Amino acid sequence: MPVRNFSKFSDCSKAAERLKNTVRHSAYLQSVSMKQLERLHVILRDRLLGRSLEQSLASLDLDPNEDLNKLSDEELARKKAKMDELFERNRKKKDDPDFMYDIEVEFPVEDCAESCSWDDDDSEKL
């Protein structure tokens, strides 16, 4: 799909894939990753929707306090893909030199733990 046929309703990942696999453009885009092409298509689509470059780039970043329930399906898929990418980058693999199997960690128990009525020891005596 040429960029001139791209609209605000286009699927960014499919458009990026078509652009990269087009014979006319493949020689120029072989060193460009699919993620980068998808990101450029997202920015283009957001621009067609009237969003600024800053708003578009902010939507691509991860905010730990953001409510993901309020996002559209496409934005949620984009955030999940970014989380998966970040997870894979940080994941320890068996081939890594600092990989350790079966790590046990003791977390400090502080007074800030909330107690619940169903969690009391007195209820077990009944």
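Give the residue that is surrounded by the fewest Cβ atoms within 10 Å (Cβ to Cβ), with candidates limited to residues of the range 41-64 that are under 14 Å from the mean Cα position of the chain (by Cα) and farther than 17 Å from K14 by Cβ. Among those that are under 14 Å from the mean Cα position of the chain (by Cα) and farther than 17 Å from K14 by Cβ, it is P64. Looking across the range 29-44 at every residue that is assigned to a helix (DSSP H, G or I) and of a type in the set (A, V, I, L, M), the one that is farthest from L60 (Cα to Cα) is identified as L29. Among the residues of the range 32-40, none qualifies, meaning not one is loosely packed, with under 12 Cβ neighbours inside 10 Å, out of contact with any helix residue (DSSP H, G or I) (no Cβ under 6 Å at 6 or more places or on another chain) and modelled with pLDDT under 80. I'd like to know if the range 55-71 contains one or more residues that are in contact with a helix residue (DSSP H, G or I) (Cβ under 6 Å, 6 or more places away or on another chain), assigned to a helix (DSSP H, G or I) and among the hydroxyl-bearing types (S, T, Y). Yes; the residues of the range 55-71 include at least one that is in contact with a helix residue (DSSP H, G or I) (Cβ under 6 Å, 6 or more places away or on another chain), assigned to a helix (DSSP H, G or I) and among the hydroxyl-bearing types (S, T, Y).
In the range 10-28 there is no residue matching the filter, namely being part of a loop (DSSP other than H, G, I, E, B), surrounded by 10 or more Cβ atoms within 10 Å (Cβ to Cβ) and modelled with pLDDT of 85 or more.
The values are calculated or read from the model by the stated rules, or taken from the named source; none is laboratory data. What you see is a predicted model; the values in this text were computed from it and never measured. When we count neighbours, we look across all protein chains shown, and the Cβ atoms used for this are built from the backbone with ideal geometry, even at glycine.
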